[in-house]
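To start, the structure itself, in structure tokens.
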């Protein structure tokens, strides 16, 4: 089972290298911290969380809420008000928005008119340099061209489509509500509607009575590579204690493929997609559009990121904070004129440097020390080299899985499996743990992770 202890050494490293305490902040103190730590010279990314779903997938690890049309209308109004509150707070900072992503939940449940309101709020509150927005979508929501066009006309230029599999059996094992035909029709509808960039998500290591086979995964990859899409992003099925499917594991009703098969699936992904014209731009993302990728990991890890909505996590670069993960509590707080922040913490320059290094080297596969020094105004060795993480990098160099030449670091082909294990160990032990704790109660005084 791919839980937070599944990756051996790398699960231990994630717990050893990253420890954080979030506390419920005094509202005025939080406002000062946000204002004073958000850099005015950098472009800021925006993330918006839409928690609503018509049904829950078995292994979803995100903050979600069953669809309620009346609550959704209040929620969009609350988003607008939250954005406007931040606009007033940061009016003298000169925030330049360079990227807008909407995740969930199921953002495609909203209509074009909702996104028009959200975009207008952003444009009225910040200097928006980014044309259009990017959203995640369920295939059955956008399989109709009229529905897809409604979103495109509202400014949706990029879509990440949750295909997950081209196998009906795999989709059932994931608890997905859509069919393979929905995915095929959605791809056509989004293209016909004029969506500029299209990514599809695939999931592997899918649990079942016997678990997904390597052959099934390769069949999915081959069919995906034949579609009219710009990028294919591949994720393993991670198991958290708060996902619905966790109970099935505990009752012995499902199991996942072995760790050996996990490693074979990673290798197969490269073997199938790269010859088909999809270049590996991240360890899990493959694109055939030069200069574009559907991803938010750099902003999440490095900042600056302003995140709005229930369960959204922001990172200014020096201050990290999460909104309450309870939808109605979020709405009520914003309606009362309060920032809906449930927990926050200061982040040191050294920690941000470590996050930057991990994202660049083990997700994006390369790190340039000159760029690093421009960002942090300090030498790489001073901020990273003398830390526990820095010592790990030296060991990995000796093992030949990463290389450094002329101040440029590169993840080697032989290090890809290791990078995946490190990446998913971190995801399970840090952001997933944060969600797990904040789903227990809306306004806890203190949360410690991992």
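Bear in mind these aren't lab numbers, they're just calculated from the coordinates by the rules spelled out. Here the structure is a predicted model, which is why all the values come from computation and not from measurement. Positions of Cβ are backbone-derived with ideal geometry, glycine not excepted, and every protein chain shown enters the neighbour counts.
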For region 160-270, averaging the sequence separation of alpha carbon pairs under 8 Å that lie six or more residues apart and dividing by its residue count, the contact order in percent is 31 percent
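With both partners inside region 74-188, how many of the DSSP beta bridges are antiparallel, as a percent to the nearest 5? Don't skip to the answer; put the middle values down first.
On the way: 0 of 9 bridges.
DSSP beta bridges in region 74-188 are roughly 0 percent antiparallel.
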All alpha-carbon distances of region 302-450, grouped into 10 Å bins from 0, give the whole-percent distribution 10, 34, 29, 18, 7, 1
If you wrap a convex hull around the alpha carbons of region 155-217, what volume per residue comes out, as a whole number of Å³?
85 Å³
Listed residues 301, 370, 421, most fluctuating in the chain (Gaussian network, C-alpha, under 10 Å):
370
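In whole percent, what relative contact order does the chain give with Cα contacts below 8 Å and a gap of six or more residues?
Values: 847 pairs, mean separation 94.3, N = 450.
Value for the chain: 21 percent.
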Fewest to most Cβ atoms within 10 Å: 149, 32 sort as 32, 149
Work the Kirkwood hydrodynamic radius out for region 101-222: mean of 1/r over every pair of different alpha-carbon atoms, inverted, in Å.
15.3 Å
Rounded to the nearest 500, what is the chain's calculated 222 nm mean residue ellipticity when only DSSP H runs of at least 4 contribute -39500 (n - 2.57) each, over all residues?
-13000 deg cm²/dmol
Eigenvalues of the alpha-carbon gyration tensor of the chain, times 5 and square-rooted, give semi-axes in Å, largest first, of 30, 29, 22
Relative contact order computed over region 350-426 (Cα-Cα under 8 Å; 6+ residues apart), in percent:
34 percent
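Taking every DSSP beta bridge that has both residues in region 20-300, what percent is antiparallel when rounded to the nearest 5?
Values: 6 of 36 bridges.
Within region 20-300, antiparallel bridges account for around 15 percent of the total.
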Ranked by GNM mean-square fluctuation in the chain (Cα springs under 10 Å), the top entry among 277, 317, 211 is 277
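Just order 375-388, 258-271 by mean Cβ neighbour count inside 10 Å, highest at the front, would you?
Per-residue mean Cβ counts within 10 Å order the peptides as 258-271, 375-388.
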Likely footprinting exposure, 422, 129, 70, fewest C-beta neighbours within 10 Å first:
70, 129, 422
Please arrange 4, 346, 404 by how many other C-beta atoms lie within 10 Å of their C-beta, fewest to most.
346, 404, 4
Per principal axis, largest first, the Cα atoms of region 350-426 extend in Å by 32, 26, 20
Between region 30-67 and region 209-277, what is the C-alpha centre distance in whole Å?
26 Å
